[in-house]
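Take a look at the structure below.
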Amino acid sequence: MEEESTLVARLRAGDEAAFEELVGRYNGPFLRLALTFVSSRPVAEEVVQETWLGVIKGLPTFEGRSSLKTWMFRILANRAKSRGVRERRKVPLSWPAAEEGLAAPPVDADQFTTAGRWRRAPEAWSDSTPEKILETRETREAVLAAIAELSARRRAVVTLRDIEGLDSNEVCNILGISETNQRVLLHRARSDVRSALQAILKRSEPSAHVP
Amino acid sequence: MLTCRDLAERATDYLEGDLSLWHRLRVRVHLNMCARCRAYLGQMRKTVRVLRGISCAAAGAVPDDGASLAPLPDELRRAFRATHRILEDE
């Protein structure tokens, strides 16, 4: 993959092919993130379009203090947030303010004894590798569905951290949330996906253990 | 004593290396003695690997539903060219 500084230089020089590459690479990820903020695909596409226009406008003065990727995602997050807020005017939704602290614990309390021990052993999932899970349509789609069902905030964090591979500082920067909040959201998101995977793998595994 | 429930709460902090030495050691001691928590952590690790594999999987396996915007829409092409033109004229 091309070095970012080279790409930025090409973009600033007006290299259209470079811009096409950039759009090709990031439009999908942008859409994915935009959908965590707004309710519909058409609106998400508009937000992404606005983001690209913002990127084009800001490129001449982009100083490279953050990475290009982080900078672009931040533009997107800001556009998407204000759009999301406007959309939900009837039901006020404050993006950063509500803390996760009061939400239910990531693993259901009833999976533990009162002494705090696991009631049943979590399975090893030894037959299912991540590759197999992603390559099998049924399980892959179930994972994507589980992610889609996460709360917007959890979905945004896990999308940026685990799917897009950004580090925690970048994610806090992009979403305007505290480190603590980000860690809790990531944990809860991963826990929710784990629970979903648990259910998926139970369904697709053969029922009896043949001795 | 660290319970399994406590460990489950801290699993991500542990996997991300965000625990202090003290807490990390407590987790390790518990893991040494608790196969169930080892299994649980294994699940969390696998979950993260599945999540990390999604962008590649999505690119390959799912038919392009217009997400990649190829070819470049006219509006973006025009905007990109316009900016460069302005810079050239300066």
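How many Cβ atoms of partner chains, on average, are near each residue of A:130-140 if near means within 10 Å of its Cβ? List each step's numbers first, then the result.
Numbers: counts 11, 4, 1, 6, 11, 4, 0, 2, 0, 1, 7.
For this peptide, the per-residue mean of nearby foreign Cβ atoms is 4.
If you take the accessible area of A alone plus B alone and subtract the pair, what total do you get in square angstrom, rounded to 100, with a 1.4 Å probe? Display every interim value, and only then the final one.
On the way: alone 12980 and 7650 Å², together 16020 Å².
Heavy-atom accessible area buried at this interface is about 4600 Å².
Can you give the net charge of the other residues whose Cβ lies under 11 Å from the Cβ of B:Arg77, counting K and R as +1 and D and E as -1?
Taking every Cβ under 11 Å from that of B:Arg77, the sum is -2.
Got a number for the accessible area of B:Asp74? Probe 1.4 Å, square angstrom, nearest 10.
100 Å²
In whole percent, what relative contact order does segment A:19-83 give with Cα contacts below 8 Å and a gap of six or more residues? Mind showing how you got there, number by number?
On the way: 37 pairs, mean separation 27.4, N = 65.
Computed value for segment A:19-83: 42 percent relative contact order.
Explain nothing, just compute: Karplus ³J(HN,Hα) = 6.51 cos²θ - 1.76 cosθ + 1.60, θ = phi - 60°, for every residue of segment A:126-134 in order, whole Hz, x for Gly and Pro.
So the Karplus estimates, Gly and Pro as x, are 6, 7, 10, 8, x, 4, 5, 4, 6 Hz.
For segment B:40-47, just list the computed ³J(HN,Hα) in residue order, Karplus coefficients 6.51, -1.76 and 1.60, θ = phi - 60°, integers in Hz, with x standing in for Gly and Pro.
4, 4, x, 5, 5, 4, 5, 4
Suppose accessible area is computed on protein heavy atoms with a 1.4 Å probe; arrange A:Glu46, A:Glu138 from highest to lowest.
A:Glu138, A:Glu46
Under the definition of partner shielding as Cβ atoms of other protein chains within 10 Å of a residue Cβ, what is the mean value for peptide A:19-31?
Per residue, the number of nearby Cβ atoms from other chains is 5 on average.
At a probe radius of 1.4 Å, what is the per-residue accessible area of A:Ile163, in Å² to the nearest 10?
Approximately 10 Å² for this residue.
Per residue of A:143-149, what is the mean number of Cβ atoms on other protein chains within 10 angstrom of that residue's Cβ? Display every interim value, and only then the final one.
Details: counts 6, 4, 0, 1, 2, 0, 0.
Whole-number average of other-chain Cβ neighbours for A:143-149 is 2.
The values are calculated or read from the model by the stated rules, or taken from the named source; none is laboratory data. Keep in mind that what you see is a predicted model, and the values were worked out from it rather than measured. Virtual Cβ from ideal backbone geometry, glycine too; neighbours counted across all protein chains shown. Just so you know, the surface numbers come from the protein's heavy atoms only, side chains and all, with ligands and any DNA or RNA stripped out. Shrake-Rupley method; radii C 1.70, N 1.55, O 1.52, S 1.80 Å.
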